[in-house]
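> Before anything else, here's the structure in question.
Nothing in this text is a laboratory measurement; each read-out follows from the coordinates by a stated rule. Bear in mind the structure is a predicted one, so any value in this text is a computation, not a measurement. Note that we place each Cβ from the backbone using ideal geometry, even for glycine, and neighbour counts take in every protein chain shown.
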Ligand code: SF4
C-alpha cells in the first residue's frame, strides 16, 4: 500500500491518541472522504493525534502510521458503512483488548443506530464535519446520542484541499465529492434518505480541488450518489478534461448519458448502469424513473466501453417469474450488442426511512418469514441458472442479505447477538426474526425516535402508491 502524501504528525507525550477505525479493507476505507476529513480535523488540533486502522493492515489491531496497538489509544472512532462491518468492529475491540471510549458513526448508524447501542459508548447520527473535537470531548452536539436524537446536516461548503492519495477502489486518483444526497425518489434508496437534502459543490470549487492535488494523480474520481444530476456536470467534465485529467464518475444515470458525455468520458472502460428491475412495471414500483429505451440507448452511445455492468434487485413487491424473465431478456439484449456484460443481482433490503420500510424481506407481505426465504432461494437459483449462460454474474447469498436486513432494521436487542457470528438460522430461531417480517402500520419502528427531517406520512403515501402499482394487497 503506497500513499503519496500521508499526513505525518509526530506523536509526542502531550498528544491524546485517537484511533480512526474503518472496520473493512484499506482499499474501500481510503476512498471514504468523510473518514479522511475526520482524520484531518483531529490532526489539526494540537492536543490530539489520529492514526488509522483497517482490517487488512495488522488485522485492524495496529495503526497504519506507527504500528501502535489499538489499546494504546484513549478513544476509537468507528465508521460503519456496511452492516456486516459491525462484526469486524466487535472483533477489533475484543482482540485488541480495547478499554478506551468508543464512538461509531457512518451510514449504518445514521439509518438506524439502535442495533449498535450495546456495543459503543456513543453513536453519532449524521454529518460530523467541524464537530469532530466536540464529539471526542463528549459535548452535547447535535447528532450525538444520547444527548441528541436529531440527524446533523452540514452546509456543503469547502472541501479539504489536501487528501491522502493512494491506489484506492478507483485506482490512483484524486477523490472529489461533488455532491451529497440525491434529488431523485427511488423508493428503495437509503442514500437519498440519510443524506438529504441534495447539495452540490460548485464547478469552481471542484476544479480548484483537482488543481490543488494535480501533482499527486492524473485521474479524478467523482463521488456523489447521482453525479449526473449535478447542475454543472458537463461543465465540470469539460474543465477537468481541459486541465488534462482523466475523469471517472462513481455512477451514471442511463437517461442522462448522451453523446457529449460519452465523448467527455471516453477513458471510461466500464459503463455502470442500474436498471434495478427487468420489467417496466417493477421499475415503476421502485420509482426508478428510467425505461428500457434509456438503458439501451446509453449502451448504444457508449461505443468505446468494453464492459457494461448492470445492477438489479429481486424480492420486490408484486414480483413474478415473468419479471425475472424480463431481467434475463434485457441482459440478453445488451449482450447482443457485443460487449462484455456483468450483472450484480441481489435481494432488496427494505431499509429504514424508505417507503419500503413496511415491506418484509422477500417483498411479499402475504408470506411468512420461512416461506419468503424459501421463495427467495428458488428465485436466486433460477436467476443464476439463466444469467450465467449470458453474463458474468455476481449474486450474494439470501442469508447475507437477511442478516443485513436485521442489522439495518433491528432495535437494541440485536446487540446481544453480536458476540458471535449471526447466522440466518440463529435469527429465525430468535426474537430477531420479526425484523425480517412485514411491519404493520400501527407499530412504531425503532428509528422513528430519530428526527431525520422528513414526514412519515410522505413515506406512507409513497409506499401505498408502490403497492397499488405492484397490485399487492396488504394484510
Ligand atoms: S438509487 Fe440513485 S438515483 Fe435513485 S434515489 Fe438513490 S442515489 Fe438517487
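> Kirkwood hydrodynamic radius, computed over distinct alpha-carbon pairs, for the stretch 156-201: how many Å, to one decimal?
Working: mean 1/r = 0.0801 Å⁻¹.
Taking the inverse mean of 1/r over all distinct Cα pairs, the stretch 156-201 comes out at 12.5 Å.
> Quick one: pull the percentage of alpha-carbon pairs in the stretch 219-269 with a separation above 14 Å. Working shown, then result.
Values: 582 of 1275 pairs.
Above the 14 Å cut-off, the stretch 219-269 has 46 percent of its Cα pairs.
> Fewest first, what order do 63, 44, 248 take by the number of other Cβ atoms within 10 Å? It would help to have the intermediate numbers written out before the result.
Numbers: 63 23, 44 13, 248 18.
Placing the least packed residue first, the sequence is 44, 248, 63.
> Let me ask something else. I need two numbers for the chain: Rg to one decimal and Dmax as a whole number, Cα atoms only, in Å.
Rg then Dmax for the chain, in Å: 22.4, 67.
> According to the Cα gyration tensor, what semi-axes, each the square root of 5 times an eigenvalue, does the equivalent ellipsoid of the stretch 71-159 have, listed from largest to smallest in whole Å? Don't jump to the answer; show the numbers that get you there.
Working: eigenvalues 93, 44, 30 Å².
After diagonalising the Cα gyration tensor, the semi-axes are 22, 15, 12 Å.
> Related question: If R₀ is 56 angstrom, what is the calculated FRET efficiency for the pair residue 443 and residue 311, using the beta carbon separation as r and rounding to 0.05? Each step should come with its number before you reach the end.
Working: r = 32 Å, r/R0 = 0.56.
That gives a FRET efficiency of 0.95.
> Continuing with this model, one more query. So what's the Cα pair-distance distribution over the stretch 313-360, bin width 10 Å, in %?
23, 40, 27, 11, 0
> Below 8 Å between Cα atoms, with a sequence gap of 6+, how large is the relative contact order for the stretch 16-145 in percent? Please report the intermediate quantities before stating the final value.
Numbers: 232 pairs, mean separation 30.8, N = 130.
RCO, the stretch 16-145: 24 percent.
> Sticking with this one: Sorting 383, 175 on the 10 Å Cβ count, fewest up front, what's the list?
Numbers: 383 22, 175 26.
Ranking 383, 175 by Cβ neighbours within 10 Å, fewest first, gives 383, 175.
> Out of all DSSP beta bridges with both ends in the chain, state the antiparallel percent to the nearest 5.
So the antiparallel bridges in the chain amount to around 15 percent.
> Could you please rank 182, 108, placing first whichever residue has the fewest other Cβ atoms within 10 Å of its Cβ? Walk me through the numbers on the way to the answer.
Numbers: 182 19, 108 25.
So the ranking, lowest neighbour count to highest, is 182, 108.
> Using a Förster distance of 56 angstrom, determine the FRET efficiency expected from the C-beta separation of residue 293 and residue 11, and round it to 0.05. Write down the numbers at each step before the final one.
Values: r = 59 Å, r/R0 = 1.05.
After rounding, the FRET efficiency stands at 0.45.
> Here's something else I'd like to know. With Kirkwood's inverse mean 1/r over C-alpha pairs for Rh, give me the Rg to Rh ratio of the stretch 252-470, two decimals please. Each step should come with its number before you reach the end.
Working: Rg = 18.8 Å, Rh = 18.7 Å.
The Rg/Rh ratio comes out at 1.01.
> If I stretch the segment between residue 266 and residue 462 completely, what's the gain in nm (0.36 nm per residue apart, minus their alpha carbon distance), one decimal? Could you put the intermediate results ahead of the total?
Working: separation 196, 0.36 × 196 = 70.56 nm, distance 3.82 nm.
Result: 66.7 nm gained on full extension.
> For a quick size check, give me the Cα extents of the stretch 16-145 along its three principal axes, largest first, whole Å.
For the stretch 16-145, the Cα spread along each principal axis is 34, 34, 28 Å.
> Something else about it: Can you give me the convex hull volume of the Cα atoms of the stretch 160-264, divided per residue and expressed in Å³? Don't jump to the answer; show the numbers that get you there.
Working: hull volume 11.1 nm³, N = 105.
Given the Cα convex hull of the stretch 160-264, per-residue volume reads 106 Å³.
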